[in-house]
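Engineer: Quick one: structure below, then a few questions.
The values are calculated or read from the model by the stated rules, or taken from the named source; none is laboratory data. Keep in mind it's a predicted model, so treat the numbers as computed, not measured. Here the Cβ is made from the backbone with ideal geometry for all residues, glycine too, and neighbour counts use every protein chain on show. When the accessible area is computed, the model is the full protein with side chains, heavy atoms only, and any ligands, DNA or RNA have been set aside. Shrake-Rupley method; radii C 1.70, N 1.55, O 1.52, S 1.80 Å.
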Amino acid sequence: MSTQSGETAAFSGHSYSLENDRRTVFIALTVISLVGTVLFFLIRKPDPENVLGEEESCDDQDMEATESAQNNVAKAVDAFKKSLKLCVTKEMLLLSITTAYTGLELTFFSGVYGTCIGAVNKFGTEEKSLIGLSGIFIGIGEILGGSLFGLLSKNNRFGRNPVVLLGTLVHFVAFYLIFLNMPGDAPIAPVEGTNSSAYIRPSKEVALLCSFLLGLGDSCFNTQLLSILGFLYSEDSAPAFAVFKFVQSICAAVAFFYSNYLLLHWQLLVMVIFGFFGTISFFTVEWDAAAIVARGSDYRSI
């Protein structure tokens, strides 16, 4: 009886430690997203007129250095104000839904899915090694998609929507296969793993295929999001990308927080909902951008 009580106390202490670790990582991710946003504000275009001559005196250099520092602060404040303006524009609000989805699925494929694979005892003794292979296949999908769609974007007469639609379909297929292949309690399983049954017999090949599809779909979204942001806000790229990274990082941190409490099928449902509405919102912005290009209007600065 005392041995069983000791094991229970040890397990409770271990669970409490894991909970504290998760809370610490969640706070760290949130702080990093805020710091990253501030660093984006400090990005400025090089000023060719601000080149010091070799024959200037030290006093002149100190004066210009002070003025340069003041200009950097002023530009950072200006970028912050522009970011606030961007946050309430129709286009950025719509793209923020798509960006939020990329943050949610970023946490899923970079952390939650590997945890699920490692928790399935029915994979046998190779369950832990599959985590590394899963990361490799995700990387292969990212590299293949980034290279392919990066080249196609230079000469693509059909716009960005087909690539985003492909990414959505690829992700939905991956989510469905994961739903069939993984037990529902895999994300919240104890250290010993889970012996629960999925809808099909867990397959290593299907698990690695899903890893590849997750990476490929993510590259579809990211390449096209970066492309449309660079087009719409070419004159205000720093604040636009600051908003993009801020929303993505916050949503990634939120997904990391709830991943320890929701069963797998609920996490997949959240991503399906955000993926669907994120795709629709991206289509809307892309159609507006295409119409503006057809009219020859200037849509590159707020």
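Engineer: Could you look at segment 176-302 and say what percent of its accessible area is carbon and sulfur, using a 1.4 Å probe and all protein chains?
Structural biologist: Carbon and sulfur: 67 percent of the exposed surface of segment 176-302.
Engineer: Computed FRET efficiency, Cβ-Cβ of Phe158 and Lys85, R0 30 Å: what is it to the nearest 0.05?
Structural biologist: For Phe158 and Lys85, the calculated efficiency is 0.45.
Engineer: At 4 °C and a viscosity of 1.567 mPa s, what translational diffusion coefficient does Stokes-Einstein give for segment 200-273, taking Rh as the Kirkwood radius over Cα pairs? Give it in µm²/s as a whole number.
Structural biologist: It comes out at roughly 87 µm²/s.
Engineer: State the number of lysine pairs found in segment 70-217 whose Cα atoms come within less than 28 Å, restricting to pairs 8 or more positions apart or on distinct chains.
Structural biologist: 7
Engineer: With a point put 7 Å past each Cα toward its Cβ, work out how far Leu144 is from Ile188 in nm, to one decimal.
Structural biologist: About 3.5 nm separates the two model spin labels.
Engineer: Give the average over all directions of the projected area of the C-alpha convex hull of segment 128-278, one decimal, in nm².
Structural biologist: If you wrap the Cα atoms of segment 128-278 in a convex hull and average its projections, you get 9.9 nm².
Engineer: Just subtract the alpha-carbon distance of Asp78 and Leu269 from 0.36 nm times their residue separation and send over the number in nm, one decimal.
Structural biologist: Additional length available on full extension: 64.8 nm.
Engineer: While we're on this one: Given a 1.4 angstrom probe, what's the average accessible area per residue across segment 184-224, in square angstrom?
Structural biologist: Accessible area per residue, segment 184-224: 43 Å².
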